[in-house]
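Everything on this sheet refers to the single structure shown next.
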Amino acid sequence: MNTNGNTYTMIYSTVLVILVAAILAFVAMILQPMQNENVKKETIGKLLSAAGQVDGSVTVGEDTDVIALYTKTVKDAFFVDGSGKKVGEMNIGKENANDIQVSTTADLKKQNDLLKKIEDGNSDLLSQLRLPVYVFDINGRTVTVIPCYGAGLWGPIWGYVALAEDGKTIDGAIFDHKGETPGLGSKIADEPFYGQFKDKTLGEGDNMFAVIKGGAKDNPHGVDAISGATITSQALGRSINLWAKYYEPYLNTLSASARENGAPLQFQFVEE
């Protein structure tokens, strides 16, 4: 074959492309279990960070064995639908830590897509929701952690909100992002921002929570937006509000249980 001809060049290029693609596919397949494990550990670390802010006794650092800490503190993990009904269990790894199940950001995106369709009027999809709920025992206190997910300025943003036994009072929160502007929108992942959430409360209906430009000093259901990052702040506020709205039926059962048990409810309502 003429090595200087077009036919040779096309065959050579085709074989090279197929060979490189096969190698990359093989490497990706080999590394996938490790990638999945890292994603699981990262998710668990975020859950623990949100829940552990209750009294500061649970800290998650680079050297923390998050799997061991999770199995020690988690009491239950399950899914609820749009009516607040429990529709599935997650394995919390009490018997085998390798079997732990958590909802990753990819899972949250799927639920967020459903939520947007429901908001557009497809209420029949309420029963298809699988919203994750994580229940922790932090030094004798029951803490419920729920996630949120949405679109930021440059990519997805997500986070976890920890709630007290009344299902309304926020004990802690933590957020993350994929590509928000460094020094501006990226600050949603910094303590000065998410630290504002502690002792705030969830509202009702379409006004569950807000991230407010210009200050939220007198609003028990909101926090201050990040200066210079209005779009990211508002996007996060909308995401929290949307997800909390569809968790509300379940969270109301926690409030009712707290009243029945005689626990003082810490949240307050604001007259419109």
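The values are calculated or read from the model by the stated rules, or taken from the named source; none is laboratory data. What you see is a predicted model; the values in this text were computed from it and never measured. In this analysis, Cβ positions are derived from the backbone assuming ideal geometry, glycine residues included, and neighbour counts consider all displayed protein chains. When the accessible area is computed, the model is the full protein with side chains, heavy atoms only, and any ligands, DNA or RNA have been set aside. Shrake-Rupley method; radii C 1.70, N 1.55, O 1.52, S 1.80 Å.
Within region 219-237, is there a residue that is part of a strand (DSSP E or B), touching a Pro at 6+ places or on another chain (Cβ under 9 Å) and under 25 Å from residue 115 (Cα atoms)?
Restricting attention to region 219-237, the residues satisfying the condition of being part of a strand (DSSP E or B) are 222-224.
The next check asks that each one be touching a Pro at 6+ places or on another chain (Cβ under 9 Å); those that pass are none.
Within region 219-237 (the criterion being part of a strand (DSSP E or B), touching a Pro at 6+ places or on another chain (Cβ under 9 Å) and under 25 Å from residue 115 (Cα atoms)), the answer is no, since none of the residues qualifies.
When you scan region 135-150, how many residues do you find that are open to solvent by 10 Å² or more (accessible area, probe 1.4 Å) and either in contact with a Cys (Cβ under 7 Å, 6 or more places away or on another chain) or at pLDDT below 95 (or both)?
The qualifying residues number 5.
Between residues in region 74-98 that are closer than 15 Å to residue 131 by Cα and of a type in the set (Phe, Trp, Tyr) and residues that are open to solvent by less than 100 Å² (accessible area, probe 1.4 Å) and not in a strand (DSSP E or B), which pairs lie under 9 Å by C-beta distance while being six or more apart or on different chains?
Within 9 Å, the pairs are 78/90; 79/90; 79/103; 79/129; 79/130.
Could you figure out which of (1) at pLDDT below 95; (2) over 23 Å from residue 190 (Cβ atoms); (3) buried (at least 17 other Cβ atoms within 10 Å of the Cβ); (4) not charged (D, E, K, R) isn't true of residue 102?
(1)
Matching residues to (1) open to solvent by 90 Å² or more (accessible area, probe 1.4 Å); (2) modelled with pLDDT of 75 or more; (3) closer than 30 Å to residue 143 by Cα:
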| residue | (1), (2), (3) |
| --- | --- |
| 2 | yes, no, no |
| 5 | no, no, no |
| 11 | no, yes, no |
| 15 | no, yes, no |
| 19 | yes, yes, no |
| 26 | yes, yes, no |
| 31 | no, no, no |
| 36 | no, no, yes |
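Quick one: which of 132, 156 is open to solvent by 10 Å² or more (accessible area, probe 1.4 Å), touching a helix residue (DSSP H, G or I) at 6+ places or on another chain (Cβ under 8 Å) and farther than 14 Å from residue 241 by Cα?
Details: 132 fails: open to solvent by 10 Å² or more (accessible area, probe 1.4 Å).
Going through 132, 156 in turn, just one is open to solvent by 10 Å² or more (accessible area, probe 1.4 Å), touching a helix residue (DSSP H, G or I) at 6+ places or on another chain (Cβ under 8 Å) and farther than 14 Å from residue 241 by Cα: 156.
Quick one: in region 193-239, which of the residues that are in contact (Cβ under 8 Å) with a residue 12 or more places away in the chain and among the basic types (Lys, Arg) is farthest from residue 163 (Cα to Cα)?
If we take residues in region 193-239 being in contact (Cβ under 8 Å) with a residue 12 or more places away in the chain and among the basic types (Lys, Arg), then 213 is farthest from residue 163 (Cα to Cα).
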